[in-house]
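First comes the structure, then the notes that go with it.
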Amino acid sequence: MLRRPPYPESLETRKEIEKHINELLEKNFIGKIGHNEIVEITTPVLITLHDGKYRLCGDFSTVNNYTKTYRYPIPRILHAPDKLAKANYITKMDCMKGFHQNGVKPKSMNLLRMICHMGIYEYTRMPFCIKNAPAHFQRMMDTIFQEEILEVWMVVYIDDIIIYSETWEDHVKYIDRVLSKCTPINLQISLKK
């Protein structure tokens with residue numbers, strides 16, 4: 001059984017954690033649990049992203065150490081330039097908070113708990129910093145976009161989607177096709193990246 005007290009936090013860090021916890025609660029990516037339900041518990045960690053913003057992760061290092069590796073082939077990103085060489089049009093889409101768009105089995109939720117100054121929380125969606133999250137997300141994306149990948153006008157690398165084409169007409173058609181698959185399953189896409 002793993003029980004860790006919260007890490008010491010500055011006032012600025014506390015405010016940032018509160019912001020993220022409230023956002024995750026609002027989206028039902030986590031749920032608050034009582035102290036009597038504690039089995040495993042870890043602490044939140046803020047990761048600084050390339051744009052200076054923060055991402056809340058749990059310190060799941062102990063859980064990861066005991067997790068059997070899920071072997072699923074992640075595409076070699078080195079092969080993407082070969083596929084894109086003849087493209088006149090390229091669109092890159094990013095799945096917003098991609099891992100959180102993938103559910104967690106109820107039997108695994110007790111391993112995905114964290115404690116902070118606001119209480120104890122349990123992930124209901126796949127958190128960041130879990131060892132097998134990239135492989136599970138890649139499998140989900142490959143399943144959703146299997147036809148498009150086989151037709152060789154799309155590359156999926158974990159939570160990034162790259163659509164490429166030689167003509168504008170094809171490009172618009174491909175983007176529409178991808179978005180039409182995202183909408184019914186509520187796969188949220190960002191074009192900001």
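Structure summary
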quantity	calculated
Tally of residues being buried (at least 20 other Cβ atoms within 10 Å of the Cβ), within 23 Å of the chain's Cα centre (by Cα) and without any contact (Cβ under 8 Å) to a residue 24 or more places away in the chain across segment 146-158	0
Per-region count, segment 159-183, residues in a loop (DSSP other than H, G, I, E, B) and either more than 17 Å from the chain's Cα centre (by Cα) or surrounded by fewer than 19 Cβ atoms within 10 Å (Cβ to Cβ) (or both)	2
Pairs where the first residue, in segment 73-86, is within 13 Å of residue 160 (Cβ to Cβ) and modelled with pLDDT of 80 or more and the second is aliphatic (A, V, I, L, M) and in a loop (DSSP other than H, G, I, E, B), C-beta under 7 Å, 6+ apart	74/158
Identity of the residue in segment 1-45, loosely packed, with under 11 Cβ neighbours inside 10 Å and either among the hydrophobic types (A, V, I, L, M, F, W, C) or part of a loop (DSSP other than H, G, I, E, B) (or both), that ends up modelled with the lowest pLDDT	1
Residue list for segment 109-158, filter: farther than 24 Å from residue 31 by Cβ, in a strand (DSSP E or B) and not hydrophobic (A, V, I, L, M, F, W, C)	157
Residue count, segment 86-108 (criterion: part of a loop (DSSP other than H, G, I, E, B) and either under 17 Å from the mean Cα position of the chain (by Cα) or hydrophobic (A, V, I, L, M, F, W, C) (or both))	6
Residue satisfying all of: in segment 43-55; without any contact (Cβ under 8 Å) to a residue 60 or more places away in the chain and hydrophobic (A, V, I, L, M, F, W, C); nearest to residue 98 (Cα to Cα) among these	49
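The values are calculated or read from the model by the stated rules, or taken from the named source; none is laboratory data. It should be emphasised that the depicted structure is a prediction, and the values quoted were computed from it without experimental measurement. Cβ sites come from the backbone with ideal geometry, for glycine too, and all protein chains shown count toward neighbours.
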